[in-house]
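Worksheet for the structure shown next.
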Amino acid sequence: TDLITFCEDKVLKVLANKDALFNADGNVNLTASTNVLGQAIGYVGEYGISKNPESFSSHAFRIYFADKARGAVLRLSRDGLTTISEKGMSDFFADNLPSSTKIIGSYNDDKENYNLTLDYLTDEWQDKLSKTPKDKTHCEVPNDESDDIETTTVSFKETVDGWIYY
C-alpha cells in the first residue's frame, strides 16, 4: 500500500493510504480519509535511477534498475537495495553505463533473468568482447568493421546470484 518513488539520486518509500484525521469544515467533527501521502523514507544507499526509467523492470517482489550516474545496477527487494553490479561486473558497468544513452531493462519470465541492454560499449570492452570473428574462430578474416560489438545485453540470474552469459 506504499509508493516506491525513483528519483535521479535517491529511492524513497512514501507511506500511502493510511488513515488521516482532519477537521472538514472548521468544526470539531473529524473525518477519516485514506487518500493521503505520508512521510517519505529513503532506502539506505546513495543510488537513484538517474535519467533512465527505461532500465526499470520488476518481477514478483524484486525491482531492478540502473544508476547511470554511479555506474551501478541495483535490485530493490524486501531486504532493501543491493548493488548487483558488484557481483563480478563492477568494472564493466562503471566503464559502460555512464557512456550509454539507452539503458533498457527487461525481465525474462522463462529464463528468470533481469536483462540490461546497453547501446554503447567503450573501445576497451569492444575489444574484450571481440571485434571480428577471428577472436572467436581463430581464422584469418579481413578487418570487417561490421563485426564490431557496440551494444550488448547482459543478464542477472537470482538462482546463481550473479551475471550469466549465453
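Where a number appears in this text, it was derived from the coordinates with a stated rule and is not lab data. Fair warning: this is a prediction, and the values are worked out from it, not measured in the lab. Cβ placement follows ideal geometry from the backbone for every residue including glycine, while neighbour counts extend to all protein chains displayed.
Dividing the mean sequence gap of close Cα pairs (under 8 Å, 6+ apart) by how many residues segment 74-122 holds gives a relative contact order of 28 percent. With 24 Å as the limit on Cα-Cα distance, the pairs of LYS13/LYS68; LYS13/LYS102; LYS68/LYS157; LYS51/LYS128 that go past it are LYS13/LYS102; LYS51/LYS128.
A simple rule links phi to the HN-Hα coupling: the Karplus curve 6.51 cos²θ - 1.76 cosθ + 1.60 with θ = phi - 60°, which for segment 121-128 gives 10, 5, 4, 4, 6, 4, 5, 5 Hz, with x for Gly and Pro. Protection proxy ranking of 103-111, 48-56, by the mean of other Cβ atoms within 10 Å over each peptide's residues and highest first, is 48-56, 103-111. Peptides 88-99, 60-71, ordered by how many other C-beta atoms sit within 10 Å of their residues on average, highest first, read 60-71, 88-99.
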